[in-house]
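S.K.: What follows is a structure written as structure tokens; I'll ask about it next.
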Amino acid sequence: QVELVQSGGGLVQAGGSLTLSCAASGRTFSSYAMGWFRQAPGKEREFVGAISYSGARIMYPDSVKGRFTISRDNAENTVYPQIHSLKPEDTAVYYCAARPFQPLSTVAEYDYWGQGTQVTVSS
């Protein structure tokens, strides 16, 4: 069992940067890949990046590549996504999620989810 608690988010001006965090409970955090998704009102949950259990493999979709950076600290059981050059269309609730070992880009492949955190980008 893994519990994920998110922090960060809030209101940011377009062009700015934001760092979120997702802290995991349990001693097996280093065995889990961590994914990040976002969901805007009226839209489906969208994949925005993921990092493997070791941090050796990181994947991003083309929609955020170059603006979204994920890192993890297995000693602190925490994963940190950074979003740069924020745009109003980045406004959404952002979710972290965990699955064993290797990252994937589909919602259904993740076993545990954080509570979500709102990111609002003003123009």
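S.K.: In nm, what is the difference between 0.36 nm times the number of residues separating Asp111 and Glu3 and their Cα-Cα distance? Don't jump to the answer; show the numbers that get you there.
M.R.: On the way: separation 108, 0.36 × 108 = 38.88 nm, distance 1.05 nm.
37.8 nm is the gain from fully extending Asp111 to Glu3.
S.K.: Using only alpha carbon pairs under 8 Å that are at least six residues apart, calculate the relative contact order of the stretch 38-123 and give it in whole percent. Show your work: numbers first, answer last.
M.R.: On the way: 136 pairs, mean separation 25.5, N = 86.
Computed value for the stretch 38-123: 30 percent relative contact order.
S.K.: In addition: Using a 7 Å offset from the Cα along the Cα-to-Cβ direction at both Ser30 and Ser52, what is the distance between the two label points in nm, to one decimal?
M.R.: 1.6 nm
S.K.: Subtract the Cα-Cα distance of Glu44 and Asp62 from 0.36 nm times their separation in residues, and report this length gain in nm to one decimal. It would help to have the intermediate numbers written out before the result.
M.R.: Details: separation 18, 0.36 × 18 = 6.48 nm, distance 1.70 nm.
That pair, Glu44 and Asp62, stretches by 4.8 nm at full extension.
S.K.: Another one. Considering the dipole of the chain built from charges on the beta carbon (Lys and Arg +1, Asp and Glu -1) around the Cα centre, which of Asn77, Gly49, Gly116 is farthest to its positive end?
M.R.: The residue sitting farthest along the positive end of the dipole is Gly49.
S.K.: Taking only protein heavy atoms into account and a 1.4 Å probe, give the accessible area per residue of the stretch 55-123 in Å². Please report the intermediate quantities before stating the final value.
M.R.: On the way: 3460 Å² over 69 residues.
In whole numbers, the stretch 55-123 has 50 Å² accessible per residue.
S.K.: Describe numerically, in nm with one decimal, the distance between label points set 7 Å from Cα along Cα→Cβ at Asn74 and at Ser17.
M.R.: 2.6 nm
S.K.: Here is a follow-up. Magnitude of the Cβ-charge dipole of the stretch 70-117, K/R +1 and D/E -1, about the Cα centre, nearest 20 debye?
M.R.: Details: 3 positive and 6 negative charges, 8 e Å.
Magnitude of the dipole: close to 40 debye.
S.K.: How large a share of the accessible area of the chain, in percent, is made up of carbon and sulfur atoms when the probe is 1.4 Å and the other protein chains stay in place? Spell out each step's value before the answer.
M.R.: Details: 2950 of 6160 Å².
Of all accessible area on the chain, carbon and sulfur atoms account for 48 percent.
S.K.: How long, wide and thick is the chain, going by the Cα atoms along their three principal axes, in whole angstroms, largest first?
M.R.: Cα extents, longest axis first: 41, 26, 24 Å.
The values are calculated or read from the model by the stated rules, or taken from the named source; none is laboratory data. For clarity, every value in this text was computed on a predicted model and none was experimentally measured. Reconstructed Cβ throughout: ideal geometry from the backbone, glycine too, with neighbour counts over all protein chains shown. Surface accessibility is based on the protein's heavy atoms, side chains included, excluding ligands, DNA and RNA. Shrake-Rupley method; radii C 1.70, N 1.55, O 1.52, S 1.80 Å.
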